[in-house]
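Everything on this sheet refers to the single structure shown next.
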Ligand SMILES: [Zn+2]
């Protein structure tokens, strides 16, 4: 055998070995993390039960149902609309593993854009996953996904994304943003079909209140805030006061009428639900961040954001303590607690009573891990 043949074989074998390793890592993105079905979950359903067109696709996400013993109203919590905003997913997971409904029904979708969890954003340097230790010394790992649907599920992007029911023009890649596709349609894109499934669930189950959980970068103006459809404003104002009484400061913004496709606008317009969205501060998705790793996702500490705060460039306080995931999840859970309370007070026929939601201050003391099964 000639020398260049041997070289070719060696290089060929090395290329195959690298493909196997990187291929394995690539495929591992599609494996969802474990979520333990807690004692309050009465059934785990699929979104395709409300829109069969999603069956067999990455859009057929899990829906956890908590049916209370006593009849009442109903709430839907959406986590993972944007899979690069981990406080939404983790808040949903803590609900699923810890909460019981005493009255009314709670629906929780932890991965609203399930497809977005199967990849992550190129050139962001974000970790593919992050791990949280539980008190018994074990580790739970969660995916850090992309803001948008995986191109394997929807491709190619148009130059201009035209929102179906209003004709609004947005940049082409927004066609894969779940929070621009509502109320969705059956003859549209993959993302629009997922939107349609969620809208159908809300219509068919008469969901009284829908809460969409998000995060934003600290330099984004709408942060540590509730964005509310006009019909939900009285409820949301009550929630702001309720949180303030616990020293949790949160802003309140009206849902803009001319920005289309978002949950708080379209679900509020297209269905009877009270539609709100909550934002926490995630430096891992910010443009001013430094080193992007698991620690940044979990601890939310970044010296460049401390500097930016000192220069008056941010919309949230930011010191060397940062914004740990405990604080961000705690804010979402405190908001959900207050929304259930406000709904029950303002509309006694829609009463929802939830037990076992981790407390904001206790969560920061004990850590997220102690609430994971
Ligand atoms: Zn978001």
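The values are calculated or read from the model by the stated rules, or taken from the named source; none is laboratory data. Just so it is clear, the model here is predicted, and its values are computed rather than measured. Here the Cβ is made from the backbone with ideal geometry for all residues, glycine too, and neighbour counts use every protein chain on show.
Of note:
- Set 91, 48, 115, 87: member being touching a residue at least 40 places away in the same chain (Cβ under 8 Å), surrounded by fewer than 21 Cβ atoms within 10 Å (Cβ to Cβ) and assigned to a helix (DSSP H, G or I): 48
- Residue match in segment 166-174 (condition: modelled with pLDDT of 95 or more, over 30 Å from residue 25 (Cβ atoms) and touching a strand residue (DSSP E or B) at 6+ places or on another chain (Cβ under 6 Å)): yes
- Residue match in segment 97-104 (condition: within 19 Å of residue 60 (Cβ to Cβ), more than 14 Å from the ligand (Cβ to nearest atom) and buried (at least 24 other Cβ atoms within 10 Å of the Cβ)): no
- Total residues in segment 58-84, condition within 12 Å of residue 115 (Cα to Cα), surrounded by 23 or more Cβ atoms within 10 Å (Cβ to Cβ) and away from the ligand (no atom under 16 Å from the Cβ): 2
- Residues in segment 123-143 that are within 16 Å of the ligand (Cβ to nearest atom) and within 22 Å of residue 60 (Cβ to Cβ): 1 in all.
- For segment 197-219, the candidate set comprises residues that are within 16 Å of the ligand (Cβ to nearest atom) and in a strand (DSSP E or B); within that set, the residue that is farthest from the chain's Cα centre (by Cα) is 210.
- Scanning segment 169-192 for residues that are assigned to a helix (DSSP H, G or I) and touching a helix residue (DSSP H, G or I) at 6+ places or on another chain (Cβ under 8 Å), we see that the one that is nearest to the ligand (Cβ to nearest atom) is 179.
Residue-by-condition table, conditions (1) in contact (Cβ under 8 Å) with a residue 12 or more places away in the chain; (2) part of a helix (DSSP H, G or I); (3) under 23 Å from the mean Cα position of the chain (by Cα):
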position	(1), (2), (3)
295	no, yes, yes
298	yes, yes, yes
307	no, yes, no
314	yes, no, yes
317	no, no, yes
322	yes, no, yes
327	yes, yes, yes
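- Restricting segment 29-52 to residues that are touching a strand residue (DSSP E or B) at 6+ places or on another chain (Cβ under 9 Å) and modelled with pLDDT under 85, the residue that is farthest from residue 140 (Cα to Cα) is 29.
- Options 14, 55; residue that is without any contact (Cβ under 8 Å) to a residue 12 or more places away in the chain, touching a helix residue (DSSP H, G or I) at 6+ places or on another chain (Cβ under 8 Å) and more than 16 Å from the ligand (Cβ to nearest atom): 55
- Selection from segment 1-15 of residues that are at pLDDT below 90 and surrounded by 11 or more Cβ atoms within 10 Å (Cβ to Cβ): none
- Selection count, segment 331-363, where residues are touching a strand residue (DSSP E or B) at 6+ places or on another chain (Cβ under 9 Å) and not in a helix (DSSP H, G or I): 7
- Qualifying positions in segment 220-235 - more than 16 Å from the ligand (Cβ to nearest atom) and free of Cβ contacts under 8 Å to residues at least 60 places away in the same chain: 229, 230, 231, 232, 233
- Matching residues, segment 230-253, being surrounded by fewer than 14 Cβ atoms within 10 Å (Cβ to Cβ) and not in a helix (DSSP H, G or I): 245, 246, 247, 249
- Subset of segment 271-292 [buried (at least 24 other Cβ atoms within 10 Å of the Cβ) and assigned to a loop (DSSP other than H, G, I, E, B)]: 273, 282
- Just one of the listed residues (222, 194) is under 17 Å from the mean Cα position of the chain (by Cα) and surrounded by fewer than 21 Cβ atoms within 10 Å (Cβ to Cβ), and it is 222.
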